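First the structure, in the form of structure tokens, and then the observations on it.
The values are calculated or read from the model by the stated rules, or taken from the named source; none is laboratory data. Since the model is a prediction, treat every value here as computed from it, not as a measurement. Every residue, glycine as well, gets a Cβ built from its backbone with ideal geometry; the counts of neighbours run over all protein chains shown. Just so you know, the surface numbers come from the protein's heavy atoms only, side chains and all, with ligands and any DNA or RNA stripped out. Shrake-Rupley method; radii C 1.70, N 1.55, O 1.52, S 1.80 Å.
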Amino acid sequence: MLTILLQRLAQMAFVMFGISVMVFLIFFATPGSDPAARIAGKNAAPETLAAVRHDFGLDQSLPVQYAVMMKKLFVTGDLVSFVNRGLKVVPAIVEATPVTLSLVFGAALLWVAGGLAIGIAAAAFRGRLIDRLLMILSLTGVAIPVFWLGEMTNLLSQNRLHDTLFFSWVPALGYVPFAEDPLGWFKALLLPWFTLALGFIGLYGRVLRASIVEIYQEDFIRTARAKGLSESRILLRHALRMSLVPFVTMFGLDFGALVGGGALMTEVVFGLNGVGKLTYDSLQSLDLPVIMASVLYASFFVVVANALVDIAYLMLDPRIRSN
Amino acid sequence: MTSPLLQVRDLSVSFASRKGQTAIIETLSFHVDEGETLCIVGESGSGKTVALMSMLGLLDPRSARVEGEALFKGRNMLQASERELQRIRGREIALISQDPMTALTPVHTIGWQIVEQIRTHTGLSRRAAEARALELLGEVGIARPRMVAEQYPHQLSGGMRQRVVIAMALSCNPSLLIADEPTTALDVTVQAQVLDLLRRLRRDFGSSIVLITHDMGVVAEMADRVLVMYGGRVVEEGQTEAIFSDPWHPYTWGLLDSIPPLDGPRPERLFSIPGSPPQPDRRPAGCIFRPRCRAALPECNLAPPRQRGADRNALCFLDEGERPVARSAARRSEEQPA
């Protein structure tokens, strides 16, 4: 078990290194373009360009440039945006991280719980009316775009019905740090959580139902029936665990991608200044240092989430544990 | 005469298919007495497994339609509620399934799975159930029960897993044990051990056993009575010695002739019944075996009568007088393959 974990950790470090090299090469070694010009932004003065060249070691070899960049990102943390004059990139990301983490963690809790509930209920009543209704509802959930749902939620809770009993508790858009006001944090995030989670609840419910129904074809389910177990026990103790493998796989990918900036639409709609919003803004202004840093940050979370998924496999299936 | 442990009358099973209902089993009747071993033989697709699964309520009710009557200790299993069936399954009728490699839930330990069954049917405490599980594992000849109980199915060999499945089936002292080709997936040496085990269990616990197989060798070794199935029907039924010494139905001739002889000159090639069993939706009218039968008569286009004798019957037009002639004629034609 421990060796598997250590192996995973080493693999993670290696993958991270690979990603950083690739990202670096894309930005700094694309033929026919001058990285200095891109870092300095449009219409930069010749002095700025010279300063950038010197600052990023662009007159030196590629490995040195890579080392300088990594030093700026991880050691000194003094990477500065030239487009957005004087913005310190690393602190900006550090500041945005708790917003994104709060949003995605809360939504993840909701969608895991909702996906489990829908998948299990639909599988238990498969072929019957409840199953069909749940599947139609989840398909609807999957089909509703997040930005539309977010805007509609805002329209109702911030404008039209804000003064009614239902929505008078909803605070103004924006993020409230947990440390300052836990209740305010919760109120500010509740609707964004539901908005972000809805599509995932539908998707995960459908995937879970499909994999439970598939597991029901297995011989060991027949054995469980022949043992005289109750249907609920067969579902929860014999079918569910193996059915969770695709569920967990998807969760790892989605969670990593969302923390890494994929929640940007929810963040933009609800005025949450998270990593997604930061990436979105930097893409609009082609702010190379910020893009570079946020891509690396995102890849970190994707890699970590995948490692956690592998550990979850170990817990779910003893067959993986032993080899 | 006491009533048999299990009495199946006119069992019919059909499955929903694109072309409407397809009959898999038609008016099947048989019985199992207390303490006897009944072997059900027949090729794959003859409906052996489906017949018993339908009785236990293990077929998917959305696609399978089951009619008839299956009285187990006087209760009709086909009319029983799901709750009643759950009480009978695993407690009074236990199932040993064909493939031990896939019959156990991969994510739970062996001990956990046996304890689960014991605790479902009895009020034993966890500790007592665990002790019983270890005892059972010992009884089926597992050398280190304590270690095996803590292992997962994938850590055991096929033979070991089949022992575990048998131990689990026995955990509540069932009065009827259904073994669905319990040795097909195993090595020959392990097969012999598993059969030995089943025989010992019958002796020690006095349970009745229904053994589904397509191996006539296994039948000769294990059975008190034999039920030969073809195309969803019983084509012949009788005591084991009677079936082996004087088979009535041409299909049974074929099954017996395809066993390699133990002594005498080695045959150049073994006999095999020509053709393959018909798909359930393409069964011919009249006698289902007719297209493959070496002794087919013109009247075989009609539904064959059931020939009856003391304690046995066969579904065929050939009666007592015609049988020996027909069989020797069939033998000759076997020796000169077309």
Of the conditions (1) in contact (Cβ under 8 Å) with a residue 24 or more places away in the chain; (2) within 21 Å of B:L58 (Cβ to Cβ); (3) assigned to a loop (DSSP other than H, G, I, E, B), the single one that B:T102 does not satisfy is (1)
Pick from B:A133, B:A185: which is modelled with pLDDT under 85 and within 14 Å of chain A (Cβ to nearest Cβ)? B:A185
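Quick one: which strands (runs of 3 or more DSSP E) lie wholly within segment B:1-60 and hold at least 1 residues that are surrounded by fewer than 16 Cβ atoms within 10 Å (Cβ to Cβ) and out of contact with any Phe, Trp or Tyr (no Cβ under 7 Å at 6 or more places or on another chain)? If you could, list the steps in order and put the result at the bottom.
Details: elements: B:6-17, B:20-32, B:37-41.
In segment B:1-60, the matching strands (runs of 3 or more DSSP E) lie at B:6-17, B:20-32.
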Taking the options B:Q117, B:Q162, name whichever one is more than 10 Å from every other protein chain (Cβ to nearest Cβ), surrounded by 24 or more Cβ atoms within 10 Å (Cβ to Cβ) and either in contact with a Phe, Trp or Tyr (Cβ under 6 Å, 6 or more places away or on another chain) or polar (S, T, N, Q) (or both). B:Q162
Would you call B:A295 part of a loop (DSSP other than H, G, I, E, B), surrounded by 15 or more Cβ atoms within 10 Å (Cβ to Cβ) and in contact with a helix residue (DSSP H, G or I) (Cβ under 7 Å, 6 or more places away or on another chain)? yes
Output the residues belonging to segment B:273-306 that are under 19 Å from B:L255 (Cα atoms) and at pLDDT 85 or above. B:C287, B:I288, B:F289, B:R290, B:P291, B:R292, B:C293
Residue by residue through segment B:78-88, note down the ones that are within 13 Å of chain A (Cβ to nearest Cβ) and either surrounded by 13 or more Cβ atoms within 10 Å (Cβ to Cβ) or touching a Cys at 6+ places or on another chain (Cβ under 9 Å) (or both). B:A80, B:E84, B:L85, B:Q86, B:R87, B:I88
With the first residue restricted to segment B:216-230 and required to be over 15 Å from B:D246 (Cβ atoms), and the second required to be among the small types (G, A, S) and outside any strand (DSSP E or B), Cβ contacts under 7 Å at 6 or more apart or on different chains are B:M229/B:G42; B:M229/B:S46; B:M229/B:G47; B:Y230/B:G42; B:Y230/B:S46
Checking A:A197, A:A312, A:A298 in turn, the sole residue that is closer than 30 Å to A:L87 by Cα and within 20 Å of the chain's Cα centre (by Cα) turns out to be A:A298
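Could you go through segment B:129-143 and let me know if any residue there is closer than 14 Å to A:A224 by Cβ and open to solvent by 40 Å² or more (accessible area, probe 1.4 Å). Steps first, answer last, please.
First, the residues of segment B:129-143 that are closer than 14 Å to A:A224 by Cβ: none.
Within segment B:129-143, none of the residues are closer than 14 Å to A:A224 by Cβ and open to solvent by 40 Å² or more (accessible area, probe 1.4 Å).
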Could you check B:R65 against (1) free of Cβ contacts under 8 Å to residues at least 12 places away in the same chain; (2) open to solvent by 30 Å² or more (accessible area, probe 1.4 Å) and say which number it fails? (1)
Segment A:218-251, residues that are more than 10 Å from every other protein chain (Cβ to nearest Cβ) and either surrounded by fewer than 20 Cβ atoms within 10 Å (Cβ to Cβ) or outside any helix (DSSP H, G or I) (or both): A:S232, A:L236, A:V245, A:P246, A:V248, A:T249, A:M250
Regarding segment A:171-181, can at least one residue be identified that is surrounded by 21 or more Cβ atoms within 10 Å (Cβ to Cβ) and touching a residue at least 40 places away in the same chain (Cβ under 8 Å)? yes
